[in-house]
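Trainee: Can you read through this structure? Questions will come right after.
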Amino acid sequence: MEKLQRSERIAVLMKLLSDTPGKVFTLGAFAEMFGSAKSTISEDIDVVQELLEKYGLGTIESIAGASGGVKYVPKLSEQQIFELLNETAGELTRKERILPGGYLYMLDIIYDPQKISAMGRIFATRFSSKNIDYVLTMETKGIPLAFATARYLNVPLIIVRHNNEATDGASVNINYVSGSSSKIQTMVLPMKALKRNSRLLFIDDFMKGGGTAKGIVELARQFECEVAGIGVLVETSEPVKKLVDDYYSLLTLNFVNQEEGIIDLKPSKKR
(Lines give C-alpha, C1' and ligand atoms only; values in the text may rest on other atoms or scores of the structure.)
Protein backbone atom coordinates (compact mmCIF):
# COMPACT_ATOMS: atom_id res chain seq x y z
CA MET A 1 0.00 0.00 0.00
CA GLU A 2 1.23 3.47 -0.88
CA LYS A 3 2.35 5.37 2.17
CA LEU A 4 -0.27 7.87 3.28
CA GLN A 5 0.14 11.42 4.47
CA ARG A 6 -0.74 12.08 8.10
CA SER A 7 -3.99 13.81 7.22
CA GLU A 8 -4.97 10.77 5.14
CA ARG A 9 -4.13 8.33 7.96
CA ILE A 10 -6.18 10.37 10.43
CA ALA A 11 -9.16 10.40 8.06
CA VAL A 12 -9.00 6.62 7.62
CA LEU A 13 -8.53 6.04 11.35
CA MET A 14 -11.52 8.23 12.12
CA LYS A 15 -13.65 6.31 9.62
CA LEU A 16 -12.58 2.83 10.76
CA LEU A 17 -13.00 3.54 14.46
CA SER A 18 -16.31 5.41 14.25
CA ASP A 19 -17.84 2.79 11.94
CA THR A 20 -17.10 -0.01 14.43
CA PRO A 21 -17.72 1.32 17.95
CA GLY A 22 -16.47 -0.97 20.69
CA LYS A 23 -14.20 -2.99 18.41
CA VAL A 24 -10.61 -3.21 19.64
CA PHE A 25 -7.89 -2.43 17.07
CA THR A 26 -4.23 -3.09 17.83
CA LEU A 27 -1.59 -0.52 16.99
CA GLY A 28 0.23 -3.29 15.14
CA ALA A 29 -2.72 -3.83 12.82
CA PHE A 30 -2.86 -0.13 11.99
CA ALA A 31 0.92 0.06 11.58
CA GLU A 32 0.82 -2.81 9.10
CA MET A 33 -2.14 -1.29 7.26
CA PHE A 34 -0.47 2.09 6.81
CA GLY A 35 3.15 0.95 6.62
CA SER A 36 4.03 3.23 9.55
CA ALA A 37 5.69 2.82 12.93
CA LYS A 38 3.52 2.12 15.98
CA SER A 39 4.76 5.36 17.57
CA THR A 40 3.48 7.28 14.54
CA ILE A 41 0.10 5.55 14.71
CA SER A 42 -0.11 6.33 18.43
CA GLU A 43 0.40 10.03 17.68
CA ASP A 44 -2.26 9.87 14.96
CA ILE A 45 -4.75 8.29 17.36
CA ASP A 46 -4.07 11.07 19.88
CA VAL A 47 -5.08 13.57 17.19
CA VAL A 48 -8.24 11.56 16.41
CA GLN A 49 -9.14 11.51 20.10
CA GLU A 50 -8.67 15.27 20.41
CA LEU A 51 -10.93 15.87 17.40
CA LEU A 52 -13.64 13.52 18.65
CA GLU A 53 -13.71 15.08 22.10
CA LYS A 54 -13.51 18.64 20.76
CA TYR A 55 -16.65 18.16 18.66
CA GLY A 56 -18.52 15.96 21.13
CA LEU A 57 -18.39 12.86 18.95
CA GLY A 58 -17.04 10.40 21.50
CA THR A 59 -13.64 9.29 22.69
CA ILE A 60 -10.90 6.71 22.11
CA GLU A 61 -10.16 4.31 24.96
CA SER A 62 -6.93 2.34 25.34
CA ILE A 63 -7.08 -1.35 26.28
CA ALA A 64 -4.04 -2.60 28.20
CA GLY A 65 -2.48 -6.04 27.92
CA ALA A 66 -1.12 -8.35 25.23
CA SER A 67 -4.44 -8.40 23.36
CA GLY A 68 -5.07 -4.72 23.96
CA GLY A 69 -5.34 -1.79 21.61
CA VAL A 70 -7.75 1.07 21.14
CA LYS A 71 -11.50 1.32 20.61
CA TYR A 72 -13.98 4.06 19.79
CA VAL A 73 -16.62 4.79 22.44
CA PRO A 74 -19.54 6.93 21.20
CA LYS A 75 -20.50 9.57 23.73
CA LEU A 76 -22.68 12.65 23.69
CA SER A 77 -22.39 15.66 25.94
CA GLU A 78 -25.25 16.62 28.26
CA GLN A 79 -25.90 19.63 26.03
CA GLN A 80 -26.12 17.44 22.91
CA ILE A 81 -28.49 15.05 24.69
CA PHE A 82 -30.63 17.94 25.91
CA GLU A 83 -30.92 19.38 22.40
CA LEU A 84 -31.77 16.01 20.85
CA LEU A 85 -34.47 15.27 23.39
CA ASN A 86 -35.99 18.74 23.14
CA GLU A 87 -36.16 18.40 19.37
CA THR A 88 -37.77 14.95 19.66
CA ALA A 89 -40.25 16.17 22.28
CA GLY A 90 -41.22 19.00 19.96
CA GLU A 91 -41.95 16.56 17.15
CA LEU A 92 -43.97 14.25 19.41
CA THR A 93 -46.20 16.98 20.83
CA ARG A 94 -47.86 17.96 17.54
CA LYS A 95 -51.61 17.58 18.03
CA GLU A 96 -52.04 15.53 14.84
CA ARG A 97 -50.22 12.69 16.63
CA ILE A 98 -53.16 12.12 18.96
CA LEU A 99 -54.96 8.87 18.14
CA PRO A 100 -58.47 7.78 19.21
CA GLY A 101 -58.44 6.75 22.86
CA GLY A 102 -55.78 9.29 23.75
CA TYR A 103 -52.86 7.27 22.36
CA LEU A 104 -49.77 8.88 20.88
CA TYR A 105 -48.49 8.07 17.38
CA MET A 106 -44.72 7.41 17.55
CA LEU A 107 -43.99 4.93 14.75
CA ASP A 108 -42.40 7.46 12.40
CA ILE A 109 -39.87 8.37 15.11
CA ILE A 110 -39.25 4.73 16.08
CA TYR A 111 -38.62 3.70 12.48
CA ASP A 112 -36.58 6.72 11.38
CA PRO A 113 -32.96 5.45 11.07
CA GLN A 114 -31.35 8.82 11.85
CA LYS A 115 -33.56 9.67 14.83
CA ILE A 116 -33.46 6.22 16.39
CA SER A 117 -29.69 6.04 15.88
CA ALA A 118 -29.35 9.25 17.90
CA MET A 119 -31.49 7.78 20.69
CA GLY A 120 -29.41 4.59 20.66
CA ARG A 121 -26.29 6.68 20.99
CA ILE A 122 -27.73 8.35 24.09
CA PHE A 123 -28.32 4.95 25.69
CA ALA A 124 -24.83 3.83 24.70
CA THR A 125 -23.44 6.97 26.38
CA ARG A 126 -25.39 6.20 29.55
CA PHE A 127 -24.57 2.48 29.76
CA SER A 128 -21.08 2.24 28.20
CA SER A 129 -19.47 1.74 31.61
CA LYS A 130 -21.79 -1.13 32.61
CA ASN A 131 -19.87 -3.89 30.78
CA ILE A 132 -22.96 -4.99 28.89
CA ASP A 133 -22.84 -8.40 27.15
CA TYR A 134 -26.24 -8.32 25.41
CA VAL A 135 -28.98 -5.83 24.63
CA LEU A 136 -32.49 -7.28 25.08
CA THR A 137 -35.82 -6.00 23.86
CA MET A 138 -39.38 -7.26 23.60
CA GLU A 139 -40.94 -7.67 20.18
CA THR A 140 -41.68 -5.57 18.19
CA LYS A 141 -41.60 -1.76 18.36
CA GLY A 142 -38.53 -1.63 20.58
CA ILE A 143 -36.38 -3.51 18.06
CA PRO A 144 -34.99 -0.52 16.07
CA LEU A 145 -34.03 1.35 19.24
CA ALA A 146 -32.46 -1.73 20.82
CA PHE A 147 -30.58 -2.52 17.60
CA ALA A 148 -29.14 1.01 17.45
CA THR A 149 -28.05 0.74 21.09
CA ALA A 150 -26.49 -2.69 20.53
CA ARG A 151 -24.56 -1.37 17.54
CA TYR A 152 -23.01 1.47 19.52
CA LEU A 153 -22.16 -0.88 22.39
CA ASN A 154 -20.88 -3.51 19.93
CA VAL A 155 -22.84 -6.35 21.57
CA PRO A 156 -25.44 -8.83 20.24
CA LEU A 157 -29.16 -8.00 20.21
CA ILE A 158 -31.59 -10.53 21.71
CA ILE A 159 -35.32 -10.26 20.93
CA VAL A 160 -37.73 -11.75 23.46
CA ARG A 161 -41.01 -12.92 21.94
CA HIS A 162 -44.52 -13.72 23.13
CA ASN A 163 -44.58 -17.12 21.40
CA ASN A 164 -41.97 -19.75 20.65
CA GLU A 165 -41.23 -21.33 17.28
CA ALA A 166 -39.98 -24.77 16.30
CA THR A 167 -36.68 -23.29 15.09
CA ASP A 168 -35.93 -21.95 18.59
CA GLY A 169 -35.26 -25.33 20.13
CA ALA A 170 -35.76 -25.63 23.88
CA SER A 171 -37.00 -22.33 25.33
CA VAL A 172 -37.71 -20.71 28.66
CA ASN A 173 -41.29 -19.45 29.01
CA ILE A 174 -42.46 -17.23 31.84
CA ASN A 175 -45.72 -15.45 32.60
CA TYR A 176 -45.70 -11.85 33.72
CA VAL A 177 -48.32 -9.29 34.63
CA SER A 178 -48.55 -6.23 32.39
CA GLY A 179 -48.08 -3.11 34.47
CA SER A 180 -50.50 -1.12 32.30
CA SER A 181 -53.38 -3.57 31.80
CA SER A 182 -52.75 -6.05 34.66
CA LYS A 183 -53.19 -8.87 32.13
CA ILE A 184 -51.09 -12.02 32.30
CA GLN A 185 -48.82 -12.35 29.26
CA THR A 186 -46.04 -14.69 28.19
CA MET A 187 -42.44 -14.04 27.19
CA VAL A 188 -40.25 -16.65 25.54
CA LEU A 189 -36.50 -16.90 24.99
CA PRO A 190 -34.54 -19.83 23.52
CA MET A 191 -32.14 -21.45 25.97
CA LYS A 192 -29.27 -21.01 23.51
CA ALA A 193 -29.84 -17.24 23.28
CA LEU A 194 -27.83 -16.21 26.35
CA LYS A 195 -24.64 -17.30 28.03
CA ARG A 196 -24.94 -17.76 31.76
CA ASN A 197 -23.71 -14.97 34.06
CA SER A 198 -24.09 -12.31 31.35
CA ARG A 199 -24.87 -8.66 31.98
CA LEU A 200 -27.95 -7.48 30.10
CA LEU A 201 -29.34 -4.13 29.02
CA PHE A 202 -33.10 -4.03 28.44
CA ILE A 203 -34.22 -1.36 25.95
CA ASP A 204 -37.85 -0.57 25.12
CA ASP A 205 -39.81 2.14 23.36
CA PHE A 206 -42.46 2.72 26.05
CA MET A 207 -43.04 2.12 29.76
CA LYS A 208 -46.27 2.65 31.66
CA GLY A 209 -46.38 0.38 34.69
CA GLY A 210 -43.06 -1.40 34.18
CA GLY A 211 -44.54 -4.89 33.88
CA THR A 212 -42.53 -5.84 30.81
CA ALA A 213 -39.28 -4.67 32.39
CA LYS A 214 -40.02 -6.64 35.55
CA GLY A 215 -40.75 -9.70 33.42
CA ILE A 216 -37.38 -9.31 31.69
CA VAL A 217 -35.67 -9.20 35.10
CA GLU A 218 -37.42 -12.44 36.07
CA LEU A 219 -36.56 -14.04 32.73
CA ALA A 220 -32.89 -13.07 33.15
CA ARG A 221 -32.80 -14.89 36.49
CA GLN A 222 -33.82 -18.09 34.73
CA PHE A 223 -30.63 -17.77 32.69
CA GLU A 224 -28.54 -16.83 35.75
CA CYS A 225 -28.00 -13.41 34.16
CA GLU A 226 -28.23 -9.88 35.55
CA VAL A 227 -30.17 -6.97 34.09
CA ALA A 228 -27.51 -4.30 34.57
CA GLY A 229 -29.59 -1.53 33.02
CA ILE A 230 -33.06 -0.60 31.75
CA GLY A 231 -33.59 2.16 29.19
CA VAL A 232 -36.86 3.40 27.69
CA LEU A 233 -37.59 6.05 25.10
CA VAL A 234 -40.86 7.28 26.67
CA GLU A 235 -42.32 6.64 30.10
CA THR A 236 -45.65 7.83 31.47
CA SER A 237 -45.73 9.94 34.60
CA GLU A 238 -48.59 7.77 35.93
CA PRO A 239 -48.42 5.49 37.72
CA VAL A 240 -45.63 7.14 39.66
CA LYS A 241 -44.59 3.83 41.24
CA LYS A 242 -43.37 1.45 38.55
CA LEU A 243 -42.82 -2.28 38.97
CA VAL A 244 -39.08 -1.63 38.55
CA ASP A 245 -37.13 1.07 40.36
CA ASP A 246 -33.85 1.51 38.55
CA TYR A 247 -34.41 2.61 34.97
CA TYR A 248 -33.36 5.42 32.61
CA SER A 249 -35.97 7.19 30.49
CA LEU A 250 -35.42 9.84 27.84
CA LEU A 251 -38.89 11.39 27.64
CA THR A 252 -41.86 11.56 30.02
CA LEU A 253 -45.48 11.68 28.83
CA ASN A 254 -47.59 13.51 31.41
CA PHE A 255 -50.94 13.51 29.63
CA VAL A 256 -52.76 13.56 26.30
CA ASN A 257 -55.88 15.74 26.08
CA GLN A 258 -57.69 14.47 23.03
CA GLU A 259 -60.49 17.07 23.12
CA GLU A 260 -58.16 20.08 23.25
CA GLY A 261 -55.40 18.53 21.16
CA ILE A 262 -52.73 18.93 23.86
CA ILE A 263 -49.79 16.57 24.45
CA ASP A 264 -47.65 17.20 27.53
CA LEU A 265 -44.35 15.40 26.88
CA LYS A 266 -40.93 16.59 28.05
CA PRO A 267 -37.35 15.33 28.53
CA SER A 268 -37.30 13.13 31.62
CA LYS A 269 -36.00 14.34 34.94
CA LYS A 270 -35.02 10.75 35.71
CA ARG A 271 -32.17 10.82 33.18
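Trainee: Out of 109, 132, 143, I need the residue that is modelled with pLDDT of 95 or more, touching an Asp or Glu at 6+ places or on another chain (Cβ under 7 Å) and either assigned by TED's automatic domain parsing to the domain that holds residue 224 or basic (Lys, Arg) (or both). Which one?
Mentor: From the options 109, 132, 143, the qualifying one is 109.
Trainee: Related question: Within the stretch 27-59, take every residue that is small (Gly, Ala, Ser) and closer than 24 Å to residue 122 by Cα and give me the one that is nearest to the chain's Cα centre (by Cα).
Mentor: Among residues in the stretch 27-59 that are small (Gly, Ala, Ser) and closer than 24 Å to residue 122 by Cα, the one nearest to the chain's Cα centre (by Cα) is 58.
Trainee: Residue 184 - would you say it is β-branched (Val, Ile, Thr) and closer than 30 Å to residue 57 by Cα?
Mentor: The answer is no for residue 184.
Trainee: Looking at the stretch 26-69, which of the residues that are touching a strand residue (DSSP E or B) at 6+ places or on another chain (Cβ under 6 Å), surrounded by fewer than 18 Cβ atoms within 10 Å (Cβ to Cβ) and touching a residue at least 24 places away in the same chain (Cβ under 8 Å) is farthest from residue 84 (Cα to Cα)?
Mentor: Looking at residues that are touching a strand residue (DSSP E or B) at 6+ places or on another chain (Cβ under 6 Å), surrounded by fewer than 18 Cβ atoms within 10 Å (Cβ to Cβ) and touching a residue at least 24 places away in the same chain (Cβ under 8 Å), I get 26.
Trainee: While we're on this one: Is it fair to say residue 22 is at pLDDT below 95, surrounded by fewer than 18 Cβ atoms within 10 Å (Cβ to Cβ) and assigned to a loop (DSSP other than H, G, I, E, B)?
Mentor: Answer is no for this residue.
Trainee: Being farther than 10 Å from residue 201 by Cα, surrounded by fewer than 16 Cβ atoms within 10 Å (Cβ to Cβ) and touching a strand residue (DSSP E or B) at 6+ places or on another chain (Cβ under 7 Å) is the filter here, so list the residues in the stretch 127-167 that pass it.
Mentor: 139, 156, 162, 163
Trainee: Within the stretch 38-148, considering only helices (runs of 4 or more DSSP H) that don't extend past its boundaries, which have at least 2 residues that are closer than 30 Å to residue 5 by Cβ?
Mentor: 38-54
Trainee: So, in the stretch 180-202, how many residues would count as being closer than 24 Å to residue 165 by Cβ and either hydroxyl-bearing (Ser, Thr, Tyr) or out of contact with any Leu (no Cβ under 7 Å at 6 or more places or on another chain) (or both)?
Mentor: Total satisfying the criteria: 13.
Trainee: Now, a different point. Within the stretch 175-182, is even one residue of a type outside the set (Gly, Ala, Ser) and farther than 17 Å from residue 142 by Cβ?
Mentor: yes
Trainee: So is residue 264 at pLDDT 95 or above and surrounded by fewer than 19 Cβ atoms within 10 Å (Cβ to Cβ) or not?
Mentor: yes
Trainee: Another one. Across the stretch 61-106, what is the number of residues that are modelled with pLDDT under 90 and of a type in the set (Val, Ile, Thr)?
Mentor: Within the stretch 61-106, residues that are modelled with pLDDT under 90 and of a type in the set (Val, Ile, Thr) number 1.
Trainee: Select from the stretch 170-206 the residues that are without any contact (Cβ under 8 Å) to a residue 60 or more places away in the chain and surrounded by 20 or more Cβ atoms within 10 Å (Cβ to Cβ) and write down the one among them that is farthest from residue 242 (Cα to Cα).
Mentor: 189
The values are calculated or read from the model by the stated rules, or taken from the named source; none is laboratory data. Values in this document were obtained by computation on a predicted structure and should not be read as measured data. Virtual Cβ from ideal backbone geometry, glycine too; neighbours counted across all protein chains shown.
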